[in-house]
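Quick notes on the structure that follows.
Rule-based calculations on the coordinates, nothing more; no lab input. All of these numbers come straight from a predicted model, not from anything done at the bench. We place every Cβ from the backbone using ideal geometry, glycine too, and count neighbours over all the protein chains shown.
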Amino acid sequence: MKRREFLAFGSALAATTMLPAKWAFAQSRANSLRVLSEGAANSFDSFSVGVNRNSLQITWNVYDRLVKFGYKKRDDGIGYYDYFDIQPELAESYEVSEDKKSITFHLRKDAVFHDGSPVTAEDVKWSLDRVVASPIGLAQFGTGSMKEASQFVVVDPHTVRVDLPQPDRFALPNLALTYPIIVNSKLALQHATAADPLASEWLKANPAGGGAYKVARANVGERILFERFADWKSGELPGFEQVLWQTVPAAESRVAALIKGDTDIAQDLPPKDVIELLKNDKVKVVGVPTSSFQFIGMNNQMAPFNDLRVRQAIAYALPYEAMFQAALFGRGEALYGGKPGAPETTKFPQPLGYSTDLDKARSLMAESGHANGFDTTFSFELSLATVAEPVALLLQEALGQIGIRVTIDKVPAGQLGTLLQEKKIPFYFEGSTSYLADPDYFFRVFYYGETRWNFGAYQNPEFISLVDKTRYETDQAVYDADIKRMIELVKEEIPIILLWHPSLDTGMVKSVENYSYTFHRQLDFRPLTRA
């Protein structure tokens with residue numbers, strides 16, 4: 001694509017909601033892909049301060065990691081990342097030591113970065129050092145016992161070893177996440193400064209990778225043109241030579257472009273638009289329940305939510321199915337209902353055993369000394385209003401029937417996280433995502449400690465000791481028994497009320513195939529093909 005064509009294309013998009021019918025950026029539709037999304041990336045880096053989730057759509061396709069999660073087909077034929085299948089990517093192979101305290105990676109000897117320079121073990125070490133030098137990266141890598149640069153050892157020009165202080169089941173999957181992108185250190189260091197020795201500011205504004213795609217041209221926040229990297233050695237070459245990703249905030253414009261065939265993929269579809277698209281035989285919608293979850297939070301250290309009976313009463317009073325349909329049109333996987341008591345599996349999140357039962361809720365309120373109810377505030381962030389507002393209104397109505405008088409507080413976008421960190425909000429709607437699928441990891445992040453992510457400020461001593469114990473447990477039977485006990489505790493004590501896994505709905509023309517869902521919810525261009 002010539003520069004004047006690229007700029008003209010973007011100008012046409014900005015000037016009108018009508019999107020261009022013809023593609024100027026590719027020789028043929030067969031080998032090119034056009035993607036429209038609501039949000040825009042704000043960085044070419046994956047973990048610098050302020051990087052948003054959309055930026056992962058760049059870094060996932062432009063950079064390699066040492067290893068990756070494999071994909072497996074669901075019953076409906078959609079690829080879904082397989083957390084328990086960790087495959088080589090930039091490393092052609094790896095092995096774990098017998099004592100499980102080191103992992104050795106053997107790099108592909110013919111791998112090169114986009115500028116043609118060879119990928120070496122020094123690049124890998126520098127990239128991993130960079131992760132633990134960042135507070136954000138360190139917080140994540142610390143969950144896998146990787147905290148010091150000295151743990152990343154160059155064995156020879158194409159071999160790197162990661163040393164661990166103890167066996168840790170989370171070390172290897174951490175290396176397949178979004179943070180440990182392998183950066184062209186030689187290029188990045190040309191832009192390092194005394195104040196920024198790891199060139200983080202430069203990397204926010206410039207790619208320096210060797211992944212399946214390279215950035216051909218970019219206007220960050222509006223549009224990015226990707227081109228397939230012909231010398232990529234870490235997998236089968238992608239099916240598309242070019243991908244144009246554009247930001248189109250208005251959902252109706254993205255939907256209209258998809259129906260007309262002016263775009264191949266439309267991301268970030270509201271549930272109401274998905275319902276209409278499902279009726280249209282010109283397109284298809286891929287809906288995948290995500291690893292994200294949405295919930296009702298209650299501060300367990302703040303009255304009256306410090307009373308178990310109050311939390312249980314609220315859990316019995318909520319109109320779950322009505323909220324699910326009003327907020328998501330049923331697009332997702334329910335985490336309400338289920339069987340109370342001891343769990344049958346160690347999978348978590350799982351339904352907590354609460355269904356709507358107003359008589360039970362009123363009885364618990366009376367037992368708690370709140371037969372006449374109480375006044376409280378229910379908060380949600382405006383950025384989540386499409387889903388949160390119908391939940392809040394239905395909650396307000398339902399809790400009114402057991403005497404709880406709810407005032408709804410709409411928090412300005414970007415402020416809820418700070419309030420949660422300071423534990424200032426008693427009752428609220430929120431959502432989050434767990435990158436790692438092990439249940440003890442989920443409990444350690446969301447039900448443990450003093451962080452904002454312990455959404456219920458849950459502080460059960462038995463639960464805390466079990467979280468500490470399971471992290472390094474190597475006996476599977478003991479581990480499973482401990483996990484089931486933790487699930488039993490949170491089902492009974494209900495620190496937060498799990499609602500559902502929302503569906504990630506992506507619209508596409510019928511000729512696009514091999515869509516695969518990845519844990520970070522952004523689009524992996526690499527497996528996509530055109531029929």
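Descriptive notes on the structure:
- When each of the peptides 431-437, 317-323 is scored by how many other beta carbons lie within 10 Å of its residues on average, the order from highest to lowest is 317-323, 431-437.
- Amide H contacts under 5 Å for Tyr354: Gly337, restricted to partners 5 or more places along the chain or on a different chain, H placed in the peptide plane at 1.01 Å from N.
- Once the Cβ-Cβ distance of Lys339 and Gln301 is raised to the sixth power relative to R0 = 25 Å, the FRET efficiency obtained is 0.30.
- Order of Lys491, Lys260, Lys68 - criterion: other Cβ atoms within 10 Å of each residue's Cβ, fewest first: Lys260, Lys491, Lys68
- Bridge type composition, the stretch 292-503 - antiparallel percent by DSSP, nearest 5: 60 percent
- Set of lysines near Lys284 by C-alpha distance (under 29 Å), chain-local residues within fewer than 8 positions excluded: Lys22, Lys68, Lys72, Lys73, Lys214, Lys260, Lys272, Lys510
- Distant-in-sequence amide contacts of Glu381, defined by a placed amide H-H separation under 5 Å and a gap of 5 or more residues or a different chain, comprise Val411.
- Calculated [θ] (222 nm, deg cm²/dmol) that DSSP helices of n ≥ 4 give over the chain, each run adding -39,500 (n - 2.57): -8500 deg cm²/dmol
- Most tightly packed first, judged by the mean number of other beta-carbon atoms within 10 Å of their residues, the peptides 397-410, 471-484, 502-515 read 502-515, 397-410, 471-484.
- Charged-residue dipole, Cβ positions (Lys, Arg, Asp, Glu), the stretch 208-361 about Cα centre, Debye nearest 20: 140 debye
- As a length-normalised measure over Cα pairs under 8 Å and 6 or more apart, the relative contact order of the chain settles at 19 percent.
- Loop-resident sites, the stretch 57-100, for GluC sites (Glu not before Pro), counting at most 10 other Cβ within 10 Å (DSSP): Glu98
- Put the Cα centre of the stretch 224-276 next to the Cα centre of the stretch 81-144 and the gap is 29 Å.
- Linear extension gain, Ala149 paired with Glu222, 0.36 nm per residue minus alpha-carbon span: 22.6 nm
- Within the stretch 292-503: Cβ-based charge dipole about Cα centre, in debye rounded to nearest 20 (Lys, Arg +1; Asp, Glu -1): 260 debye
- Ranking Gly211, Leu177, Ile487 by Cα position along the charge dipole of the chain, where only Lys, Arg, Asp and Glu carry charges on their C-beta atoms, puts Gly211 farthest toward the positive end.
- Relative contact order [Cα under 8 Å, 6+ residues apart], the stretch 115-224, whole percent: 24 percent
- Convex hull volume of the stretch 292-503 per residue (C-alpha atoms, cubic angstrom): 111 Å³
- For the stretch 134-150, backbone phi angles converted through the Karplus equation (6.51, -1.76, 1.60; θ = phi - 60°) give residue-by-residue couplings of 9, x, 5, x, 4, 4, 6, 4, x, 5, x, 6, 10, 10, 10, 4, 5 Hz, Gly and Pro being listed as x.
- Charge-dipole axis of the chain as Lys and Arg at +1 and Asp and Glu at -1 on Cβ define it, positive-most pick from Ser117, Ile425, Ala388: Ser117
- A dipole drawn for the chain from +1 and -1 charges on Cβ atoms has a positive end, and of Val96, Leu66, Thr474 the residue lying farthest that way is Leu66.
- Förster radius 35 Å - calculated FRET efficiency between Ala371 and Val478 (Cβ-Cβ, nearest 0.05): 0.20
- Once the Cα-Cα distance is subtracted from the 0.36 nm per residue extended length, the Ala413 to Gln459 segment shows a gain of 13.7 nm.
- Taking other C-beta atoms within 10 Å as the exposure proxy, Trp453, Trp232, Trp60 rank Trp453, Trp232, Trp60 from fewest upward.
- Taking Arg254, Arg362, Arg311 and counting other C-beta atoms within 10 Å, the order from fewest to most: Arg362, Arg311, Arg254
- Proximity of backbone amide H atoms, modeled 1.01 Å from N, is registered between Leu107 and Glu92, Thr159, Val160 at under 5 Å, excluding neighbours fewer than 5 places apart on the same chain.
- Relative contact order [Cα under 8 Å, 6+ residues apart], the stretch 292-503, whole percent: 37 percent
- The DSSP beta bridges internal to the chain are antiparallel in roughly 75% of cases.
- Separation in nanometres of the label points that stand 7 Å from Cα toward Cβ, at Ser383 and Asn206: 2.9 nm
- Gained length - Arg74 relative to Glu422, 0.36 nm times residue gap less alpha-carbon distance: 121.2 nm
- Taking the Cα centre of the stretch 163-246 as origin and assigning +1 to Lys and Arg Cβ atoms and -1 to Asp and Glu Cβ atoms, the resulting dipole is close to 140 debye.
- Each of the peptides 119-127, 331-339 was scored by the mean count of other Cβ atoms within 10 Å over its residues; in descending order, highest first, they stand as 119-127, 331-339.
- Estimated vicinal HN-Hα couplings, Hz - the stretch 158-173 in sequence order (Karplus 6.51, -1.76, 1.60; Gly, Pro = x): 10, 9, 10, 10, 10, 9, 10, x, 7, x, 9, 5, 9, 5, 5, x
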